[in-house]
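Heads up, the thing below is written out as structure tokens.
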Amino acid sequence: MVEKRPLLDVVSHAILIIGALLIAFPLYVTFVASTLSFEEIMSVPMPLLPGDRFLENYTQVLTAGTTTGSHAAVLDMLFNSTVMALAVPLGKITISILSSFAIVYFRFPLRNFFFWMIFVTLMLPVEVRIIPTFKVMADLGLLNTYAGLTLPLIASATATFLFRQFFMTIPDELAEAARMDGAGPMRFFWDVVVPLSKTTMAALFVIQFIYGWNQYLWPLLITSEESMYTVVIGIKRMIVGGDAANEWNLVMATAMLAMLPPALVVLLMQKWFVKGLVETEK
Amino acid sequence: MEKRVVFRSAWLPYVLVAPQLAITVVFFFWPAGQAVWYSFQLQDAFGLSSQFVGLENFKFLFRDPHYLQSFKTTAVFSVAVAGSGIAISLLLATMADRVIRGALVYKTILIWPYAVAAAVAGVLWAFLFAPSIGIVTYVLKGFGIDWNWIINGNQAMLLIVIASVWKQISYNFLFFLAGLQSIPKSLLEAAAIDGAGPARRFWTIVIPLLSPVTFFLLVVNIVYAFFETFGVIDATTQGGPAQATQILVYKVYHDGVKSADIGGSSAQSVILMIIVIALTAIQFRFIERKVQY
């Protein structure tokens, strides 16, 4: 604090409170809506205090979805989302740490070429190659499979950069000592590189968990069977038509369930989250 | 940057890079190559035959008023999302950097929307603004504003901007807060002793020192508005009404998946790729500068 400015402190708090309220308002309304009955939510204006349908609504969507829109059970969708949210970060960390280890600790023909190939993937997000990627998935028989949902998302230039950057900071003496003691490269990898990279891995995991959980376009393209829907896709399928035709109370209960796991990860692992966010985007 | 100490093996490095490269080739280079290939082809309605048409697809696109309109829509949308997102986050971060009491509470509330999927953010705001039952619509009606984004293009645009900005504020906020906290306190104290008030210090010290972060966020926010807001749009307006919210990415999806126009959609993909490459190049040039800064 540079100086005391009581008036400015009041203004600062006021702005922050207004900002926080605006940010939190949709969450509050969503929660309230998820506890109301269909009739209550259709009355204008809807009640702004929680109703008594919490258990009914959540049980209904978890086991049977909505009645007018999609009938897929949200429990199955949560399972599919969990598979994606775990497989994407684990796969990404695994293949990226291996490839950056090779690129940093070995000299071999085509090394730079491989590095640039990985780099260029930054410029080819799913969004720009929708149709051909869909065709490739269809040709490989990967539509409506977990492999199809996760494999294409685990290639990552940013994770490879991050590990490469981190490996460059590992003192050469460690590799020298390992070599003198007769340890091979993989021994060095397991006993030195992996333990030292734990912080980087944790930060990446948090960011990629959220990324995997929140995927939308990709599962939209390659899942057509209800049993393969992720929860984010499931919400979209519950919205069937005009705004009065939807069972908003059930849609909102599903939205709460879709937001909860990634929000918990952000809040409980805030330190890793901030580190991962600030470092992966450099 | 090269390591002085390296290991020797004729085959091991290739095995280690193989998984990453396999996925890169199969899911990135092969489809991207096909996108370029299709963009020079014209397919019949059933996808049974195709013929090479050179740049016809591109020529057609740039004569198509819908496509040109989509460019304009994307420009308006991304400027609105990046501009308001950055301004609001900077304001909140500056305030959060000042206060001591409750700082952690504010920070926690402000960062959680990062965890919300774009499509879910779209659904939440579509519900708040729903024409017949939305609570915000009800309040607006009290002020005499007739709100119906399903038929009003400008309101639809406003809706997707609000939903997209709401989700992106946390990201910008964290970067600005980190930037503010790295400004040396001695600089601000020296200015205060010289008689510069808070506003003066903000404009002459904080803003210039934050300019690298701001520029970085500008690029990131434009990329976000171009590509990652697909979920917001698909869950709310689906490009409507009358294509008022059909940004470029949504049009690629719409023409390719819903209208099955492979050639046209691929040509649009190729144009988008060129845009991404340009944005990435700008971002990397800037990062080189930031290192020296």
**Prompt:** Farthest toward the dipole's positive end in the protein assembly as shown, which of A:N144, B:F173, B:S211, given Cβ charges of +1 (Lys, Arg) and -1 (Asp, Glu) about the Cα centre?
**Reply:** B:S211
**Fill in**
Honestly segment B:61-143 on the Cα gyration tensor test (a ≥ b ≥ c root eigenvalues; a/c under 1.5 rounded, otherwise a/b vs b/c for prolate or oblate) is just oblate
**Asked** Per-residue mean of other chain beta-carbon atoms within 10 angstrom of the beta-carbon, peptide B:101-109?
**Response** 4
**Asked** Between B:E189 and B:F60, what FRET efficiency comes out of the Förster formula 1/(1 + (r/R0)^6) with R0 = 60 Å and r the beta carbon distance, rounded to 0.05?
**Response** 0.45
**Request:** Under a 10 Å cutoff between Cα atoms, tell me which one of A:F134, A:F114, A:F161 has the largest fluctuation in the Gaussian network model of chain A.
**Result:** A:F114
**Prompt:** How would you classify chain A from its alpha-carbon gyration tensor, with a ≥ b ≥ c the square roots of the eigenvalues: rounded for a/c under 1.5, else prolate if a/b is greater than b/c, otherwise oblate?
**Reply:** oblate
**Request:** Report the one residue of B:Y250, B:L279, B:I151 whose Cα lies farthest in the direction of the positive end of the charge dipole of chain B (charges on C-beta: Lys and Arg +1, Asp and Glu -1; origin at the Cα centre).
**Result:** B:L279
**Prompt:** When the helix-only estimate is applied to chain A (DSSP H runs of n ≥ 4, each -39,500 (n - 2.57), divided by the residue count), what is the mean residue ellipticity at 222 nm, nearest 500 deg cm²/dmol?
**Reply:** -21000 deg cm²/dmol
**Message:** Could you derive backbone 3J(HN,Hα) for segment B:66-73 from the dihedral phi with the Karplus parameters 6.51, -1.76 and 1.60 (θ = phi - 60°), listing whole Hz in sequence and x where the residue is Gly or Pro?
**Reply:** 5, 5, 5, 5, 4, 4, 5, 4
**Request:** Give me a single rounded figure for A:26-37: the average over its residues of other chain Cβ atoms within 10 Å of their Cβ.
**Result:** 3
**Item:** Modelled FRET efficiency - R0 56 Å, B:A10 with B:F202, Cβ distances, 0.05 increments
**Value:** 0.40
**Those residues of segment A:120-157 whose amide nitrogen sits under 15 Å from the label point placed on B:S50, 7 Å along Cα→Cβ** = A:129-139
**Asked** Build a GNM of chain A with springs between Cα atoms under 10 Å: which of A:T30, A:T68, A:T160 gets the top mean-square fluctuation?
**Response** A:T68
**Message:** For B:Q41, what residues show an amide H to amide H distance below 5 Å, using hydrogens built from the backbone and excluding near sequence neighbours?
**Reply:** B:V53
**Asked** Using a simple charge model, +1 on the beta-carbon of Lys and Arg, -1 on the beta-carbon of Asp and Glu, nothing else, what dipole does the protein assembly as shown show about its Cα centre, in debye to the nearest 20?
**Response** 1540
**Message:** Please report the spacing between the Cα centers of segment A:244-268 and segment B:62-76 in Å, no decimals.
**Reply:** 34
**In Hz, Karplus ³J(HN,Hα) per residue of segment A:10-24 (6.51, -1.76, 1.60; θ = phi - 60°; x = Gly, Pro)** = 4, 4, 4, 4, 4, 5, 5, 5, 4, x, 5, 5, 5, 5, 7
**Message:** Would segment B:57-292 count as rounded, prolate or oblate if I go by the C-alpha gyration tensor, calling it rounded below 1.5 in a/c and otherwise prolate when a/b exceeds b/c, oblate otherwise?
**Reply:** oblate
**Fill in**
In nm, the gap between the two label points placed 7 Å beyond Cα toward Cβ at A:V10 and B:N152 is 3.7
**Request:** Give, rounded to the nearest 20 debye, the magnitude of the charge dipole that chain A has about its Cα centre when Lys and Arg contribute +1 at Cβ and Asp and Glu contribute -1 at Cβ.
**Result:** 880
**Prompt:** Any idea what the relative contact order of segment B:122-183 is, in percent, if you count C-alpha pairs under 8 Å spaced at least 6 apart?
**Reply:** 25
**Request:** Give the residues of segment B:214-252 whose amide nitrogen is closer than 16 Å to a point set 7 Å from the Cα of B:K72 in the direction of its Cβ.
**Result:** B:241-248
**Complete:** Partner aspartates and glutamates whose C-alpha sits under 16 Å from that of A:K198, ignoring same-chain residues fewer than 8 away, are A:E279
**Asked** Taking θ as phi - 60°, what are the ³J(HN,Hα) couplings along segment B:207-217 by the Karplus curve (6.51, -1.76, 1.60), each to the nearest whole Hz, with x for Gly and Pro?
**Response** 4, x, 6, 8, 4, x, 4, 4, 5, 4, 5
**Request:** Beyond 32 Å between alpha-carbons counts as too far, so tell me which of A:K92/B:K3; A:K92/B:K72; B:K167/B:K258 fall in that bin.
**Result:** A:K92/B:K72
**Item:** Percent of Cα-Cα distances greater than 38 Å, calculated over the protein assembly as shown
**Value:** 35
**Asked** When the label point is put 7 Å from the Cα of A:K135 along its Cα-to-beta-carbon vector, which residues of segment B:232-271 have a backbone N closer than 14 Å?
**Response** B:256-257, B:260-270
**Asked** Separation between the B:D97 and A:L260 pseudo-spin-labels, each 7 Å from Cα along Cα→Cβ, expressed in nm?
**Response** 3.8
**Prompt:** When the dipole is taken about the Cα centre of segment B:57-292, and only Lys, Arg (+1) and Asp, Glu (-1) are charged at their Cβ, what size is it in debye, to the nearest 20?
**Reply:** 360
**Request:** Please report A:W248, B:W11, A:W190 as a ranked list, fewest other C-beta atoms within 10 angstrom at the top and most at the bottom.
**Result:** B:W11, A:W190, A:W248
**Fill in**
segment B:57-292: relative contact order from alpha carbon pairs under 8 Å, six or more residues apart, as a whole percent, is 30
**Segment B:A260-B:V25, extension gain: residue separation times 0.36 nm, minus the distance between their alpha carbons** = 82.1 nm
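No lab work stands behind these numbers, since they all come straight from the coordinates. Everything quoted here is computed from the prediction, not taken from an experiment. With ideal geometry, Cβ positions are generated from the backbone for all residues, glycine too; neighbour counts draw on all protein chains shown.
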